[in-house]
Every structure is written in C-alpha cells, then in structure tokens.
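The values are calculated or read from the model by the stated rules, or taken from the named source; none is laboratory data. Keep in mind that this is a model prediction, so the values were computed, not measured. Note that each Cβ is placed from the backbone with ideal geometry, even for glycine, and that neighbours are counted across all protein chains shown. All accessible areas refer to the heavy atoms of the entire protein, side chains included, with ligands and DNA or RNA removed. Shrake-Rupley method; radii C 1.70, N 1.55, O 1.52, S 1.80 Å.
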Amino acid sequence: MIDTQLLIERGATYLNLPPEEVLFQEGSQCRYYFQVVSGQVRWVNINQAGNEYLQTLVEQGESIGELPLFDGKLYAATAIANKPTCLLRLPKEDFHRLLIDFPQIHFSFSSLLAQRLRFKFFMLKKMAQHDPEDIIETLLEYLSEQKSHICATCNQVQLTRRQIAEMTGLRVETVIRVMKNLNSKGVLRIYRRKVYFGDPASCVHAQCKRVGFKRDNQKPGKFVIGMNYY
C-alpha cells in the first residue's frame, strides 16, 4: 500500500508475530498504522462463545485496521497472525503527517475504503436475498477482480470452505453443497478437493493440464472435462 522505504524513513519499525499472536483487539485504542511485510493476518469478530467471524485476510503489502486512523474510534475487529508474520508499524501521528505530505496516498486510502464499503453494501444486499449460490459466486467474482485469495497463475481459490462460510455467514455444510452445485453448472471447477475459479484459458496449473480443462465454445464461460461441466 505504502512504499516500504518511505515508511521506514518516516519512522516505521518492524514487528514480528508468531502464529496466533494478537496484533490488536476489537474495542482497543489505535496507536499505529500497520502494513504486512510477509505472512498473513486474519481480521475477525469474536462472539461470546469464542467463535470467529472472518472479515478478511490481509496479505503481504496490504494494510490492516485503518478505520480508527481516520475516525478516531476504537478497533472494529481483532487482528491475529495466521502464520509467522512481519509487519511495519508507524505511529498514528506520523501516519497523519505522511498523509498531509503525500496527498496522493491519502486519496488512495479514500478510494480503498470506499471500495470496501461499496462491496459490503453489495454483499449485504445479496445476503438479504437468501440465495447461497449467488452469495458465494458474488464473493468469488469480487476476489477474482481484486486478485485477492485467488492464485493469479492457476486460479485456485486460496480460502478454505470454513473461511468462505465465515466471510458469508453461511454454514460450512451449505458452502460445500453450493460449491458442488456451482461445479456442476460450470461456474467453478473442483479437482482433487481444490476449487478453481476464473478464466480457464489462463490456467497453467499442472493438475489442470493433466485433467484436460478446455473452453466450451457453445457455452461461453463454461469449461468441460469430457462431457461433464466443471
């Protein structure tokens, strides 16, 4: 999001987290801007029973927990390292000065936050219609457009069924059933328990080549293995 060298010049320091270490908790004060250098952080809401509702997964080069930096409120969710993770953290006051000195960075954050808010509205609309297939397909289309959690090389969805369930508010069993239905309709494809979503023409994964995915010219957007749609 922000050039690493610029952050360091402005006073950012490195922070290393082991797996399952909490970066910040829902309801706590915001004191830093955080940007992932390596690893992965999950941003979750946790209910009284200790169950997690996944908001998003934050990858290398992405920032996390920006809202309180702009509205001065408390953190809206908890951030936890999924794997060994290295971050850069910049004190909030230094971050604000950076935005003043580099208005284009401020504009980039405004655009990012507006994009996220628009998608939240869109997903809420889909969820209100109670159509699990539409909800999951919408989520996968968004992730594909954002090049997030879908491999750019082989189009493999890099989220588990449980993570998709947590992001959509659906049951894991529902996600599994819906993905099988979408597989049969040609919206996505499942091979050896892996889910692939996107243009099959760009898929160069060795497994996909072996199984023989190819475009069906009679049904644009579909692809076949033999006579079966996947």
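Hydrodynamic analysis of the chain uses the Kirkwood radius over alpha carbon pairs. Inserted into Stokes-Einstein at 10 °C and 1.306 mPa s, it gives a translational diffusion coefficient of 82 µm²/s.
Distance between the modelled labels on residue 112 and residue 13, one decimal in nanometres: 2.3 nm (7 Å Cα→Cβ projection). Using C-alpha pairs under 8 Å with a sequence gap of at least 6, the mean separation divided by the residue count of the chain gives a relative contact order of 17 percent.
As a rough guide to protection, the peptides 98-106, 183-191 ranked by mean Cβ packing within 10 Å, highest first, stand as 183-191, 98-106. Relative contact order of region 56-152: 10 percent, from C-alpha pairs under 8 Å at least 6 residues apart in sequence.
Taking every protein chain into account, the accessible area of the chain amounts to 56 square angstrom per residue (probe 1.4 Å). Taking packing as the residue-averaged number of other Cβ atoms within 10 angstrom, the listed peptides 47-53, 2-8 run from highest to lowest as 2-8, 47-53. Given a Förster distance of 30 angstrom, what is the FRET efficiency for residue 101 paired with residue 73, based on the Cβ-Cβ distance and rounded to 0.05? That pair, residue 101 with residue 73, gives E of 0.75.
By the gyration tensor of its Cα atoms, with a ≥ b ≥ c the square roots of the eigenvalues, what is the shape of region 115-195: rounded for a/c under 1.5, prolate for a/b over b/c, or oblate? Oblate.
Share of region 30-188's accessible area from carbon and sulfur, percent, 1.4 Å?
53
So for region 1-72, averaging the separation of alpha carbon pairs under 8 Å that are six or more residues apart and normalising by length, what relative contact order in percent results? Walk me through the numbers on the way to the answer.
Numbers: 69 pairs, mean separation 22.7, N = 72.
This gives 31 percent for region 1-72.
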